Each structure stands twice: as structure tokens, then as C-alpha cells.
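**Q** The structure that follows is given in the form of C-alpha cells.
The values are calculated or read from the model by the stated rules, or taken from the named source; none is laboratory data. All values reported here derive from a predicted model rather than from experimental measurement. Note that we place each Cβ from the backbone using ideal geometry, even for glycine, and neighbour counts take in every protein chain shown.
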Amino acid sequence: MITKEDFKNYRQQLGFTNQQTAKKFFAGKDILPTVDFNYINLFNTRLSEIIEKINTISHHSIEHESINLFNRENIYNVFEKLKKNQIIPKLNNQGRRPEQVYFSWMRGYVISNYFLRALSIIFEVNITDIDLIGDDDLINIDTFKRTPKADLEVNLKNNSKIRLEIQSGFQGVNDIKQHKVLEAKRIFESESISSLAIHFDLFNGQVAFVKLDEIEEDSVNWITRQQMEGQTVFNIDQNYFVWKLIDKPPKFRDLFFGNHE
């Protein structure tokens, strides 16, 4: 009679010490795709072009004087760090190529850093009062991932804090994923810290401000987005958009957060 011990001995003779290693071998899942770094270089060039265009039309109060320095520090240096730590080949999202996942992540990362100066104006704080608290780690692939946790936390002048979910849209579709809202509500209930989504619609040159922990469960803005694998998302109504990028950033204390539905 053939037993499980026979199975184990067979795999050991093949050189496998456990079932998972054998499964990965036979499925080819231990073979990482070869990254096309020429493709990556083209994406890096496009990232630079995006920032250069935005910097050209942004209000002078948030304009970066040396855009080449910004791009070097926030695009090319970050790319080299990801490459050195072999994170790029391991990037995967719904079967997309790692180069494309890299580009999507980098767009959000670069845009968030570009607008740090704007955030300091909006919240009337120094940039040093804005802390990075997100879970994206440039060294460890296990923590280089999108989680519900907010990206930034601002230490306000009244000694309170507010968490920021920085989003950027490039196609004119402006949504907030449901798990971001649920996390914001959890943080407010457990730590009494509010969360604000700041959504940069770079396709139309406008910015929205949405208090995540105040979004109602029965809001008419909840929709199912088929192109996002049927995910439930909060569609950002046009009334939430109150800042045109060509204008000076508004002050947070002057923003009105009424019912936008």
C-alpha cells in the first residue's frame, strides 16, 4: 500500500524538503520574470516629464525651483534603491507586469512627495511636521505593499493630529477604495484621529478633500467599479473638488466639510 510516507520520501529523493517547495518548483512559481529595465527607464523618463509639466503650471507658492534635483532624489534614487533590494521583479498586481506595477506605485509616490510643500501650506505647518506612516518599505518586499493605513500624519499646531490618504488620479476617474474608509473609521473610533483623503485629479487639474471617517455607509456615492474587479468604491463627487492646481492652496481651516451629496 502506498502511504504518505512514500510521498514524502519520493519528494525528498527529488531534493525537496517540504511540500511548498515542490509545488512552487512544478508550477514554476519560483522563477521570477526578467525585468525589462529599458522599459523601466522609459517609465522613469515619463515620471520626470509628468512632474516637469505639473511644476510648470502649479502655483508659484508650491513650485519646485530645481525640478531636476527633485526628480533625481524622488525618481532615480528611489529606482536604484528598489533595484538594489530586488523589489521590482517581485511586484505583482492582478497579473500585471512588474514594470507596470512599478510605474503605478512610483506615480503615486512621486506626486505625494511633490505636493508636500502644498500640504505644509494647507495645514500651516512645517514639512518636518508631516510624518510618513504608510507601510510601503523600499527595502523589504514583505512590507512593500498597499495597506489600508494612511500615508501621512500631520502634527497640527493645536497639538492634535490628522491622517492623510494622498491619492492621485490620471484618467478622470476619482474614487476612494472602501477599505480606506473602513480603516479611517477604525482609527477614529480607537484613537480619535480623523483621516482626510486628498485626491489630486491630475487629468483635470483639481484637488478634492474628503473626510474619510465621516463618509456615511448609505451614501449614494458608493458604487461598484467593474474595471476594478468589481470593488466597492466611494466615487468622489465634483463638489468635493475645491482647489485648482493653478491657484494657491487653500487653508485647511477655511475648508467646508458639509454634505456634498
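**Q** Just the residues that are under 45 Å from the mean Cα position of the chain (by Cα) and of a type in the set (S, T, N, Q), please, taken from the stretch 1-31.
**A** Matches in the stretch 1-31: 12, 17, 18, 19, 20, 21.
**Q** Looking only at the stretch 125-135, how many residues end up being not in a loop (DSSP other than H, G, I, E, B) and not aliphatic (A, V, I, L, M)?
**A** The qualifying residues number 3.
**Q** Condition test on residue 49, is it of a type in the set (Asp, Glu), assigned to a helix (DSSP H, G or I), within 21 Å of the chain's Cα centre (by Cα) and on the phi < 0 side of the Ramachandran plot?
**A** yes
**Q** Can you tell me which of 170, 188 is touching a helix residue (DSSP H, G or I) at 6+ places or on another chain (Cβ under 9 Å), farther than 28 Å from residue 248 by Cα, assigned by TED's automatic domain parsing to the domain that holds residue 233 and of a type in the set (A, V, I, L, M, F, W, C)?
**A** 188
**Q** Residue 92 is checked against (1) in contact (Cβ under 8 Å) with a residue 24 or more places away in the chain; (2) in contact with a Pro (Cβ under 9 Å, 6 or more places away or on another chain) and fails just one. What number does that condition carry?
**A** Answer for residue 92: the failing condition is (1).
**Q** Separate question: Here are the criteria: (1) in the same structural domain as residue 68 (by TED's automatic domain parsing); (2) at pLDDT 90 or above. Tell me which single one residue 124 does not satisfy.
**A** (1)
**Q** Residues in the stretch 34-54: is at least one modelled with pLDDT under 90 and not hydrophobic (A, V, I, L, M, F, W, C)?
**A** Checking the stretch 34-54: at least one residue is modelled with pLDDT under 90 and not hydrophobic (A, V, I, L, M, F, W, C).
**Q** I would also like to ask the following. Taking the stretch 160-193 on its own, how many of its residues are crowded, with 18+ Cβ neighbours inside 10 Å and among the hydroxyl-bearing types (Ser, Thr, Tyr)?
**A** The total comes to 1.
**Q** OK, next. Search the stretch 175-214 for residues being part of a loop (DSSP other than H, G, I, E, B) and over 20 Å from residue 118 (Cα atoms), and hand back the single one that is nearest to the chain's Cα centre (by Cα).
**A** 193
**Q** A further question follows. How many residues, within the stretch 72-124, are part of a helix (DSSP H, G or I), over 18 Å from the mean Cα position of the chain (by Cα) and of a type in the set (S, T, N, Q)?
**A** 2
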